[in-house]
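Chemist: Here's a structure for you.
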Amino acid sequence: MAGAAHCSLQVKRLLLDPKFEGYKLSLEPLACYQLGLDAAVAEVHLRDDQYTLDHMRAFGMYNYLHLDSWYQDNVYYVDQFGRVMNLSVTLDTALQKPREVFRLPTDLTACDNRLCASMHFSSSTWVTLSDGTGRLYLIKSGKRGSSASEKWEIVFNEELGSPFIVAHSVSFVKSDAHSLAVLLLSVEKDELDTKGSGFHVTLEWVTIAERKEGDHRYEIIKRRILQGKSVPHYAAIEPSGDGLMIVSHKRFTFMQSESDKLEENDDAKVSNEKKDPLYYWQQTEDDVTVTVHLPQDITKDDIKIHFSPDNICVTLKDQTPLMEGNLYSSVDHESCTWIIREDKSLEISLIKRNEGCRWPELIIGDTSGEFIMDPSQCSEIAESLMHLTSEVMNPNPEKENPPCNAQELEECDAFLEDGASLCRFDGDTLKVTHIINLGSNQYLFSVVVNPKEMPCFCLRHDVDALLWQPHSDQPENMWEHIATFNALGYVQASKQDKKFMACAPDYSYAALCECLRRVFIYRQPTPLATVLYNRKEGRQVGQVAKQLVATLEANDPILGFQATSERLFVLTTKTLFLIKVNSGN
């Protein structure tokens, strides 16, 4: 993580509503339609040896309903006969039965340690599919959502090892060859883990490309493995296939091959040889002093030093500059001096233009020097921080603003996972390039707003829920705040039986469902047709946000939950429900 840029999420204040007054329960009826399934959903129950929280999160809470974001109101599921079934909705009052679009070649019931079948829509014409036994299928589907043009054809299938589920996939063109990158998730036994759960989570990043022979056949060209100790909340490959973003409680690392380890050992030896600093520096409130140890044969005439207000360059004997780059802060370059001391060391004095400013580094981004702090500065810093620490829990209980008391927090404000982080991995170096410590910004759900972009993720910020869109091609705006669901962070925390969360791609509403029957819908604030007054504050209310509740006529547990701009899809073992939330344009 040493070379990773530590970033932060920039909230757009214009998307926040500090005067939000809460949701008003609406009793307006919701149109709800249901379709009986010809065969039950291929639900796979956890086995006795899948007892950890990670197994429950990855497989026990799996969403069996798959939304095709490339085509509006198009959903898929796999039934117990291994059939991939599709429902494409154009008119709610003229619903047709789900139709079979593909049948898995293998007998699902024959494998004892199988997982649930999973799929992901890589593009408008490509699908990645797993049967849950460890076999990956690459399928060319044609234009989906219409029986006339949709024909699923296997172009690649291979046994990859232990059972997995497909977490994400993308389709792209690289070096004039069509490629697909797929992210596969599995939870595996870890014999070396004697103190933890005894399992680790594996993410395998597989790249499959069309062969150059021109026979339209595909082959695996790269396999990379990451391991972690918790199931990721969010894991997605960048549209270009060049990087990977993961939100997880515990960080993931790439597992190296033997050749990579040898290369890294060589790099480590080289870095150890160069571990002595090239220079040492100290500072006061007024100036900075830099000391460089000179070789024996260097004379005064061999030294060339160039000062400018924001830059320094030190060269010995016309060689590569010993020190060069932008200074942390401006200096009075006309007052800067240098001398050669008796111990054959070069001493450079830089006069700060902004007196009192403490420099965290001498040259921006340069790690070849070492800062030496004066003992008096250490005691001065310690003294300035003394008021923030104490030997006792509450040293002054009569103080007007006492320290935070955890007992005063409400139950829904407690987070189980305060250490979550968002990491961006580079596909070539396999190293973390960007990292964000999410702290108490609890992960809530992900949603595809634009299928050509990475999935968005929703985080809790204080009481609100904020939606973030990753932009892998925009380093200066890599995570954009695109929408806010007012108070949803607080509201969802009170739903103890919550199973799935989702939102409309147009942000018009957010929704969550419990394990059985109940669905809660939270609309964005809309203008009122009538005049409404807040009696407490004596002012007119211009808009109101509505909460709606739907109760499904089903006794089976909810297995799948997806939201589109117009409707919610809810899948149980034997029924598919459609809830009309918004009317079409």
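Chemist: Within the stretch 342-382, work out how many residues are more than 26 Å from Asp276 (Cα to Cα), outside the structural domain of Asn326 (by the TED database) and open to solvent by less than 60 Å² (accessible area, probe 1.4 Å).
Modeler: Step one: of the stretch 342-382, the residues more than 26 Å from Asp276 (Cα to Cα) are 351-357, 379-382.
This time we only want the ones that are outside the structural domain of Asn326 (by the TED database), so: 379-382.
With the extra rule that they be open to solvent by less than 60 Å² (accessible area, probe 1.4 Å), the set shrinks to 381-382.
Count: 2.
Chemist: Let me ask you something else. With the requirement that a residue be in a strand (DSSP E or B) and in contact (Cβ under 8 Å) with a residue 40 or more places away in the chain, what does the stretch 158-173 give you? Lay out the reasoning, then the answer.
Modeler: Narrowing the stretch 158-173 to residues in a strand (DSSP E or B): 158-159, 165-173.
If the condition is that a residue be in a strand (DSSP E or B) and in contact (Cβ under 8 Å) with a residue 40 or more places away in the chain, then Glu158, Ile165, Val166, Ala167, His168, Ser169, Val170, Ser171, Phe172 are the ones that fit.
Chemist: I've got another one for you. Identify all residues within the stretch 29-38 that are touching a strand residue (DSSP E or B) at 6+ places or on another chain (Cβ under 8 Å) and either exposed (fewer than 15 other Cβ atoms within 10 Å of the Cβ) or not in a loop (DSSP other than H, G, I, E, B) (or both); write none if there are none.
Modeler: The first filter runs over the stretch 29-38 and keeps only residues touching a strand residue (DSSP E or B) at 6+ places or on another chain (Cβ under 8 Å), leaving 30-38.
Answer for the stretch 29-38, where residues must be touching a strand residue (DSSP E or B) at 6+ places or on another chain (Cβ under 8 Å) and either exposed (fewer than 15 other Cβ atoms within 10 Å of the Cβ) or not in a loop (DSSP other than H, G, I, E, B) (or both): Ala31, Cys32, Tyr33, Gln34, Leu35, Gly36, Asp38.
Chemist: Here are Leu430, Leu459: which of them is in contact (Cβ under 8 Å) with a residue 60 or more places away in the chain, on the phi < 0 side of the Ramachandran plot and either touching a strand residue (DSSP E or B) at 6+ places or on another chain (Cβ under 7 Å) or outside any strand (DSSP E or B) (or both)?
Modeler: Working: Leu430 fails: on the phi < 0 side of the Ramachandran plot.
After ruling out the rest, the residue left standing is Leu459.
Chemist: Taking the conditions exactly as written (hydrophobic (A, V, I, L, M, F, W, C), in contact (Cβ under 8 Å) with a residue 60 or more places away in the chain and assigned to a strand (DSSP E or B)), does Leu129 satisfy them or not?
Modeler: No: the conditions fail for Leu129.
Chemist: Return the residues of the stretch 419-461 that are hydroxyl-bearing (Ser, Thr, Tyr) and within 11 Å of the chain's Cα centre (by Cα); say none if nothing qualifies. Working first, answer last.
Modeler: Quick first cut of the stretch 419-461, residues hydroxyl-bearing (Ser, Thr, Tyr) only: 421, 429, 433, 440, 443, 446.
Ser421, Tyr443, Ser446 - these are the residues of the stretch 419-461 that are hydroxyl-bearing (Ser, Thr, Tyr) and within 11 Å of the chain's Cα centre (by Cα).
Chemist: Could you list, in sequence order, all residues of the stretch 11-25 that are assigned to a loop (DSSP other than H, G, I, E, B) and open to solvent by 100 Å² or more (accessible area, probe 1.4 Å)? Steps first, answer last, please.
Modeler: First, the residues of the stretch 11-25 that are assigned to a loop (DSSP other than H, G, I, E, B): 11-12, 16-22.
Selection gives Pro18, Lys19.
Chemist: Please go through the stretch 160-188 and pick out each residue that is in contact with a His (Cβ under 8 Å, 6 or more places away or on another chain) and of a type outside the set (A, V, I, L, M, F, W, C).
Modeler: His168, Ser169, Ser171, Glu188
Chemist: Right, here's the next one. So how many residues does the stretch 465-485 have that are in contact (Cβ under 8 Å) with a residue 12 or more places away in the chain, farther than 19 Å from Val432 by Cβ and surrounded by fewer than 21 Cβ atoms within 10 Å (Cβ to Cβ)? Spell out how you get there, then give the answer.
Modeler: Initial filter on the stretch 465-485 (in contact (Cβ under 8 Å) with a residue 12 or more places away in the chain): 465-473, 478-485.
Now drop any that are not farther than 19 Å from Val432 by Cβ, which leaves 465-467, 469, 480-485.
Filter once more, keeping what is surrounded by fewer than 21 Cβ atoms within 10 Å (Cβ to Cβ): 469, 480-482.
Residues meeting the conditions: 4.
Chemist: Can you name every residue in the stretch 143-153 that is within 31 Å of the chain's Cα centre (by Cα) and exposed (fewer than 15 other Cβ atoms within 10 Å of the Cβ)?
Modeler: Correct list: Lys143 only.
Residues checked against (1) among the β-branched types (Val, Ile, Thr); (2) assigned by the TED database to the domain that holds Ser240; (3) in contact with a helix residue (DSSP H, G or I) (Cβ under 9 Å, 6 or more places away or on another chain); (4) under 20 Å from Asn74 (Cβ atoms):
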{"position": "Val127", "(1), (2), (3), (4)": "yes, yes, no, yes"}
{"position": "Tyr137", "(1), (2), (3), (4)": "no, yes, no, yes"}
{"position": "Gly145", "(1), (2), (3), (4)": "no, yes, no, yes"}
{"position": "Pro163", "(1), (2), (3), (4)": "no, yes, no, no"}
{"position": "Ala177", "(1), (2), (3), (4)": "no, yes, no, no"}
{"position": "Leu192", "(1), (2), (3), (4)": "no, yes, no, no"}
{"position": "Arg217", "(1), (2), (3), (4)": "no, yes, no, no"}
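Chemist: Can you work out which of the residues in the stretch 229-243 that are closer than 30 Å to Lys195 by Cα and over 9 Å from the mean Cα position of the chain (by Cα) is surrounded by the fewest Cβ atoms within 10 Å (Cβ to Cβ)?
Modeler: Lys229
Chemist: In addition: Count, please, the residues in the stretch 474-498 that happen to be part of a helix (DSSP H, G or I) and of a type in the set (Ser, Thr, Tyr). Spell out the reasoning first.
Modeler: Taking the stretch 474-498 first, the residues part of a helix (DSSP H, G or I) are 475-477, 488-493.
Next, from what is left, pick out any that are of a type in the set (Ser, Thr, Tyr): 490.
Final tally of qualifying residues: 1.
Chemist: For residues in the stretch 163-182 being loosely packed, with under 15 Cβ neighbours inside 10 Å and not basic (Lys, Arg), which is nearest to Asp54 (Cα to Cα)?
Modeler: Restricting attention to the stretch 163-182, the residues satisfying the condition of being loosely packed, with under 15 Cβ neighbours inside 10 Å are 173-177.
In the following step, the residues that additionally are not basic (Lys, Arg) were identified as 173, 175-177.
On the way: Val173: 35, Ser175: 38, Asp176: 40, Ala177: 37 Å.
Applying the filter and picking the extreme gives Val173.
Chemist: Turning to a different aspect of this structure: Looking at Leu316, Leu294, can you tell me which residue is surrounded by 14 or more Cβ atoms within 10 Å (Cβ to Cβ) and touching a Ser or Thr at 6+ places or on another chain (Cβ under 7 Å)?
Modeler: On the way: Leu316 fails: touching a Ser or Thr at 6+ places or on another chain (Cβ under 7 Å).
When all the criteria are applied, what remains is Leu294.
Chemist: A further question on this structure: Exactly one condition in (1) buried (at least 19 other Cβ atoms within 10 Å of the Cβ); (2) touching a Cys at 6+ places or on another chain (Cβ under 6 Å) is false for Leu488; which is it?
Modeler: (2)
Chemist: Please list, ordered by first then second residue, the pairs with beta carbon atoms under 7 Å, 6 or more apart or interchain, first in the stretch 94-111 and under 17 Å from Ala148 (Cβ atoms), second modelled with pLDDT under 90.
Modeler: Arg99/Ser147; Val101/Glu150
Residue by residue, here is whether (1) in a loop (DSSP other than H, G, I, E, B); (2) in contact with a His (Cβ under 8 Å, 6 or more places away or on another chain); (3) within 30 Å of Gly142 (Cβ to Cβ); (4) among the β-branched types (Val, Ile, Thr) holds:
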position	(1), (2), (3), (4)
Leu9	yes, yes, no, no
Leu27	yes, no, no, no
Glu43	yes, no, yes, no
Asp49	yes, no, no, no
His55	no, no, no, no
Ser69	yes, no, yes, no
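Chemist: Take the residues in the stretch 495-519 that are under 23 Å from Leu466 (Cβ atoms) and of a type in the set (A, V, I, L, M); name whichever of them is surrounded by the most Cβ atoms within 10 Å (Cβ to Cβ).
Modeler: Ala510
Chemist: Within the group Leu203, Leu185, which residue is open to solvent by less than 30 Å² (accessible area, probe 1.4 Å), modelled with pLDDT of 85 or more and either more than 20 Å from Thr253 (Cβ to Cβ) or touching a helix residue (DSSP H, G or I) at 6+ places or on another chain (Cβ under 9 Å) (or both)?
Modeler: Numbers: Leu203 fails: either more than 20 Å from Thr253 (Cβ to Cβ) or touching a helix residue (DSSP H, G or I) at 6+ places or on another chain (Cβ under 9 Å) (or both).
Selected residue: Leu185, the only one of Leu203, Leu185 that is open to solvent by less than 30 Å² (accessible area, probe 1.4 Å), modelled with pLDDT of 85 or more and either more than 20 Å from Thr253 (Cβ to Cβ) or touching a helix residue (DSSP H, G or I) at 6+ places or on another chain (Cβ under 9 Å) (or both).
Chemist: When the stretch 319-329 is examined, which residues are found to be open to solvent by 30 Å² or more (accessible area, probe 1.4 Å) and either of a type in the set (Lys, Arg) or over 20 Å from Ile303 (Cα atoms) (or both)?
Modeler: Of the residues in the stretch 319-329, the ones open to solvent by 30 Å² or more (accessible area, probe 1.4 Å) are 319-322, 324, 326, 328.
Of everything in the stretch 319-329, just one residue is open to solvent by 30 Å² or more (accessible area, probe 1.4 Å) and either of a type in the set (Lys, Arg) or over 20 Å from Ile303 (Cα atoms) (or both), namely Tyr328.
Chemist: Within the stretch 106-115, identify whether any single residue is of a type in the set (A, V, I, L, M, F, W, C) and assigned to a strand (DSSP E or B), and answer yes or no. Steps first, please.
Modeler: Step one: of the stretch 106-115, the residues of a type in the set (A, V, I, L, M, F, W, C) are 108, 110-111, 115.
Pick out the ones that are also assigned to a strand (DSSP E or B) and you get none.
No, the stretch 106-115 has no match at all.
Chemist: Of the residues Arg135, Arg83, which is farther than 18 Å from Val206 by Cα and crowded, with 17+ Cβ neighbours inside 10 Å? Don't jump to the end; show me each part of the working.
Modeler: Working: Arg135 fails: farther than 18 Å from Val206 by Cα.
Being farther than 18 Å from Val206 by Cα and crowded, with 17+ Cβ neighbours inside 10 Å holds for just one of Arg135, Arg83, which is Arg83.
The values are calculated or read from the model by the stated rules, or taken from the named source; none is laboratory data. The shown structure was predicted, so the numbers you read here are calculated from the model rather than taken from an experiment. Note that each Cβ is placed from the backbone with ideal geometry, even for glycine, and that neighbours are counted across all protein chains shown. Quick note on the areas: whole protein, heavy atoms, side chains included, nothing else; ligands and nucleic acids left out. Shrake-Rupley method; radii C 1.70, N 1.55, O 1.52, S 1.80 Å.
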